[in-house]
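The values are calculated or read from the model by the stated rules, or taken from the named source; none is laboratory data. Every value quoted in this text rests on a predicted model; they were computed, and no experiment measured them. Please note: Cβ atoms are built from the backbone with ideal geometry, for glycine as well, and neighbour counts cover all protein chains shown.
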């Protein structure tokens, strides 16, 4: 495959990606720590007027079907859960990235967000089957962020989707990541990792972004989380994706060292992904337009 | 003319000339396409999982989700539109059931979906005249009610007829 852009051009583009809002950044920091207080989350939301409005609008949306209107942030956060609140802040703050058309992957608008939300739900559910304790909140947040590098690479890939797929089918390259590296000198996991460092995300999230397609290379202390996101990403693709790279990655079978999973449990996770996705997407779509 | 768009676990049928019956981005899910030449009705169900025993509650709200309840539900709807209730004379086509690269048995839900769908169809003495199952790509399926033509597409792979 002929190289279309240099790694330096991609790194320059990453530097130009706007920083996350202070609220989103702080919420990601706090919710990735194991021993945090929900009050810290509530305080951050309370100090951000537009985030407060969004959180209240979502919790009172038709999708949640609450009998009584929720008017306080304390109740809204407690009802939605911290991971959802962090996800809302992140989705708002980096809306342009998550909801842009993924032209380089022949994906429509919001395809990245749809895949990320499915991955987040799947990773959260997968966390329940971990052999060691794993925070479902952290797995969810890592899932939301894991593929953010695609938003950057998409602009440089142009109309290469067919070329990459032919390369994979003919075993010229081993997977879509290798195709990205041939074309751009960098793949979406590394691009996402550089962006995550620029955003000063917690190291756990940086590692999940960087290693989600090669979890065995992650530092030992983050392997459990990274494998959860790896499996979550695969399950999300099995549930359906409208991008050219869908299913074009390898399953790392060493996940069995970290998770006890049967075929029936995978099926249950897929069921939950589809159900929760409909609810969350419907709740957030009411207000999505205003943030675009 | 309108598009009948079916989401995950949904089923539907049309006999209105000009309509397109469509479902997007099948991963491991399988689209079962039933065509009744006698009434010129096209039906489709977007099956996500093989067996309903995993969540009987879900069957009440979305029977199309499972192969064992989705195909009978579609048959019943088509019977209400004048088609044979046992599917006699139906033309069957199948698409989807994709897999990840190097799957193990635990993750190969697509293959289990395809087998479950065929098992249920056999109970009606039906089998597909055409199928595009397995492999490692997602599929969007469009069926023309006017011509019965089934078109598949996948990002980066273009369109092809089934």
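Values as computed for the structure displayed
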| item | result |
| --- | --- |
| Scan of region A:253-270 for residues that are within 9 Å of another protein chain (Cβ to nearest Cβ), buried (at least 17 other Cβ atoms within 10 Å of the Cβ) and part of a loop (DSSP other than H, G, I, E, B), ordered by number | A:261 |
| Candidate set from region B:1-30 (those that are crowded, with 17+ Cβ neighbours inside 10 Å and under 18 Å from residue B:83 (Cβ atoms)); member that is nearest to the other protein chains (Cβ to nearest Cβ) | B:6 |
| Members of region A:184-201 found to be in a loop (DSSP other than H, G, I, E, B) and crowded, with 20+ Cβ neighbours inside 10 Å, listed by number | A:186, A:187, A:199, A:201 |
| Within region B:112-129, tally of residues that are away from chain A (no Cβ under 14 Å) and not in a loop (DSSP other than H, G, I, E, B) | 7 |
| In region B:134-161, residue farthest from residue B:110 (Cα to Cα) [restricted to those that are more than 10 Å from chain A (Cβ to nearest Cβ) and buried (at least 20 other Cβ atoms within 10 Å of the Cβ)] | B:145 |
| Residue check for residue A:190: in contact (Cβ under 8 Å) with a residue 24 or more places away in the chain and closer than 28 Å to residue A:24 by Cα | yes |
| Candidate set from region B:56-91 (those that are touching a helix residue (DSSP H, G or I) at 6+ places or on another chain (Cβ under 7 Å) and not in a helix (DSSP H, G or I)); member that is nearest to residue B:109 (Cα to Cα) | B:66 |
| Subset of region B:46-82 [within 14 Å of chain A (Cβ to nearest Cβ), farther than 17 Å from residue B:6 by Cβ and in contact (Cβ under 8 Å) with a residue 24 or more places away in the chain] | B:50, B:51, B:68 |
| Lone unmet requirement of (1) on the phi < 0 side of the Ramachandran plot; (2) out of contact with any strand residue (DSSP E or B) (no Cβ under 6 Å at 6 or more places or on another chain); (3) within 14 Å of chain B (Cβ to nearest Cβ) for residue A:158 | (1) |
| Residue identified as modelled with pLDDT under 90 and either closer than 17 Å to residue A:208 by Cα or in contact with a strand residue (DSSP E or B) (Cβ under 6 Å, 6 or more places away or on another chain) (or both) among A:86, A:122 | A:86 |
| Residue in region A:243-252 that is in contact with a strand residue (DSSP E or B) (Cβ under 9 Å, 6 or more places away or on another chain), more than 7 Å from chain B (Cβ to nearest Cβ) and surrounded by fewer than 22 Cβ atoms within 10 Å (Cβ to Cβ) present | no |
| Yes/no for residue A:3 being modelled with pLDDT under 90, in a loop (DSSP other than H, G, I, E, B) and closer than 30 Å to residue A:170 by Cβ | yes |
| Region A:128-150: number of residues that are crowded, with 22+ Cβ neighbours inside 10 Å and assigned to a helix (DSSP H, G or I) | 10 |
| Residues satisfying the stated conditions in region A:161-174, i.e. facing chain B (nearest Cβ under 9 Å) and in a loop (DSSP other than H, G, I, E, B) | A:174 |
| Hits in region A:214-233 - residues which are buried (at least 24 other Cβ atoms within 10 Å of the Cβ), over 17 Å from residue A:111 (Cβ atoms) and within 14 Å of chain B (Cβ to nearest Cβ) | A:227, A:230, A:231 |
| Residue count, region A:95-111 (criterion: surrounded by 24 or more Cβ atoms within 10 Å (Cβ to Cβ) and either modelled with pLDDT under 85 or in a helix (DSSP H, G or I) (or both)) | 4 |
| Options A:108, A:136; residue that is more than 23 Å from residue A:210 (Cα to Cα), touching a residue at least 40 places away in the same chain (Cβ under 8 Å) and assigned by TED's automatic domain parsing to the domain that holds residue A:209 | A:108 |
| Boolean, residue B:109 is at the interface with chain A (Cβ under 7 Å from one of its Cβ atoms) and under 16 Å from the mean Cα position of the chain (by Cα) | yes |
| Condition broken by residue A:89, with the remaining ones in (1) outside the structural domain of residue A:276 (by TED's automatic domain parsing); (2) assigned to a loop (DSSP other than H, G, I, E, B); (3) buried (at least 23 other Cβ atoms within 10 Å of the Cβ) satisfied | (2) |
